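One structure is given here, and the rest of the page talks about it.
The values are calculated or read from the model by the stated rules, or taken from the named source; none is laboratory data. In this text the structure is predicted, and so the values were computed from the model without any measurement. All Cβ positions, even for glycine, are placed from backbone atoms using ideal geometry, and neighbour counts span all protein chains on display. SASA here: full protein model, heavy atoms, side chains in, ligands and nucleic acids out. Shrake-Rupley method; radii C 1.70, N 1.55, O 1.52, S 1.80 Å.
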Amino acid sequence: MTKQLTFMGHSDDIFSVLVDGELVEEIDCFDEKARYKVSSGENQLYVIGEYVAPCVWMIGVAPVNEGIPIPNWNIQLINWHNYSPALTIDCPDDVIIEEC
């Protein structure tokens with residue numbers, strides 16, 4: 001089985017995390033980056049969201065450290081609304097999501 005994670009921005013200060021379409025967290029990150037470590041066993045990556053000029057959200061992924069590859073999971077960036085994409089990740093059921 002797999003879970004689908006979704007990360008997206010709202011307004012100029014709220015970043016949301018959904019698991020299988022259900023909201024699990026919203027953080028206030030006005031003038032700050034939202035950063036989450038997503039891991040399952042040895043597989044791990046960062047998801048980073050930032051509200052940038054001209055009033056849009058930028059969302060992406062990064063390795064957690066040099067030499068650690070991003071997992072071979074289905075990762076997609078899709079249109080969500082006119083000022084934020086949504087990043088979706090299909091990952092194993094035992095995934096752990098940590099704000100950092």
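Pairs, please: C-beta under 8 Å, at least 6 apart or cross-chain, first residue touching a residue at least 60 places away in the same chain (Cβ under 8 Å) and in the stretch 52-73, second open to solvent by 50 Å² or more (accessible area, probe 1.4 Å)?
Taking only residues 6 or more apart or on different chains, not a single pair turns up.
Residues that are within 16 Å of I96 (Cβ to Cβ) and among the charged types (D, E, K, R): does the stretch 55-66 have at least one?
Looking through the stretch 55-66, none of the residues is within 16 Å of I96 (Cβ to Cβ) and among the charged types (D, E, K, R).
For a quick check of your reading of the model, give me the residue pairs whose first member lies in the stretch 29-42 and is within 11 Å of V95 (Cβ to Cβ) and of a type outside the set (D, E), whose second is modelled with pLDDT under 95 and open to solvent by less than 100 Å² (accessible area, probe 1.4 Å), with beta-carbon atoms closer than 6 Å and at least 6 apart or on different chains.
K37/C100
Can you name every residue in the stretch 78-100 that is exposed (fewer than 13 other Cβ atoms within 10 Å of the Cβ), part of a strand (DSSP E or B) and not acidic (D, E)?
Passing the criteria: I78, N79, H81, I96.
Quick check: anything in the stretch 58-72 modelled with pLDDT of 95 or more, of a type in the set (S, T, N, Q) and open to solvent by less than 80 Å² (accessible area, probe 1.4 Å)?
Scanning the stretch 58-72, I find no residue that is modelled with pLDDT of 95 or more, of a type in the set (S, T, N, Q) and open to solvent by less than 80 Å² (accessible area, probe 1.4 Å), so the answer is no.
Just to confirm my filter: which strands (runs of 3 or more DSSP E) fall fully inside the stretch 1-59 and include at least 3 residues that are over 11 Å from the mean Cα position of the chain (by Cα)?
Details: elements: 2-10, 14-19, 22-28, 34-40, 43-52.
Once the strands (runs of 3 or more DSSP E) in the stretch 1-59 are filtered for at least 3 residues that are over 11 Å from the mean Cα position of the chain (by Cα), what remains is 2-10, 22-28, 43-52.
In the stretch 7-36, which residues are aliphatic (A, V, I, L, M) and open to solvent by 40 Å² or more (accessible area, probe 1.4 Å)? Steps first, please.
Taking the stretch 7-36 and keeping what is aliphatic (A, V, I, L, M), we get 8, 14, 17-19, 23-24, 27, 34.
Correct list: I14, L23, V24.
Given the conditions (1) out of contact with any Pro (no Cβ under 9 Å at 6 or more places or on another chain); (2) open to solvent by less than 60 Å² (accessible area, probe 1.4 Å); (3) closer than 16 Å to E98 by Cα, which single one is not true for Q4?
(2)
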